[in-house]
Amino acid sequence: VQLQASGGGLVQAGGSLRLSCTASRNLFSINTMAWYRQAPGKQRELVAAITSGGTTSYASSVKGRFTISRDNAKNTVYLQMNSLKPEDTAVFSCKAVVIDELARIYWGQGTLVTVSS
């Protein structure tokens, strides 16, 4: 599975951005798609995830501000980020988990989100 992430950029605090992650295969064949982020000097953390059945989960720090969604026709998962804060500044990456005989994990390249105060 190849993943192409896009949508990062510079935004002022309180603003919004939408990240996109397009997969090279049908999303129904991918068990879970997720967004992670890594801020400077910090460990990578899970931001949000969505299963093939549409179940979503969020980190407590983004709940109510971020929304993960999927467009199956476009093989794309989105992360709508509202009310952005300077502490949201990070490199965001998408991950795909495919479970068949083994659990396979695929990563897309990161996209930088910078939130200015």
When every residue in the range 85-113 that is of a type in the set (A, V, I, L, M, F, W, C) and crowded, with 21+ Cβ neighbours inside 10 Å is compared, the one nearest to CYS21 (Cα to Cα) is CYS94
Cβ-Cβ under 6 Å pairs, at least 6 apart or on other chains, the range 42-53 side free of Cβ contacts under 8 Å to residues at least 40 places away in the same chain and farther than 22 Å from ASN82 by Cβ, far side in a strand (DSSP E or B) and not charged (D, E, K, R)
THR51/THR32
Kindly establish whether LEU46 is of a type outside the set (Val, Ile, Thr), farther than 14 Å from THR111 by Cα and open to solvent by 50 Å² or more (accessible area, probe 1.4 Å).
yes
Within the range 59-71, can one find any residue that is in contact (Cβ under 8 Å) with a residue 60 or more places away in the chain, in contact with a Gly (Cβ under 9 Å, 6 or more places away or on another chain) and buried (at least 18 other Cβ atoms within 10 Å of the Cβ)?
no
Can you find even one residue in the range 73-84 that is out of contact with any Lys or Arg (no Cβ under 8 Å at 6 or more places or on another chain), open to solvent by less than 60 Å² (accessible area, probe 1.4 Å) and farther than 17 Å from THR111 by Cβ?
no
Among strands (runs of 3 or more DSSP E) completely within the range 1-107, the ones holding 3 or more residues that are at pLDDT 95 or above and over 15 Å from the mean Cα position of the chain (by Cα) are 9-12
Out of (1) more than 18 Å from LEU46 (Cβ to Cβ); (2) open to solvent by 20 Å² or more (accessible area, probe 1.4 Å); (3) hydroxyl-bearing (Ser, Thr, Tyr); (4) touching a Cys at 6+ places or on another chain (Cβ under 9 Å), what's the single condition that is false for SER116?
(4)
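The values are calculated or read from the model by the stated rules, or taken from the named source; none is laboratory data. Because the structure is predicted, anything quoted here is derived from the model rather than measured. FYI the Cβ positions are ideal-geometry reconstructions off the backbone, even for glycines, and counts take in every protein chain you see. Calculation scope for accessible area: heavy atoms of the full protein, side chains included, ligands and nucleic acids excluded. Shrake-Rupley method; radii C 1.70, N 1.55, O 1.52, S 1.80 Å.
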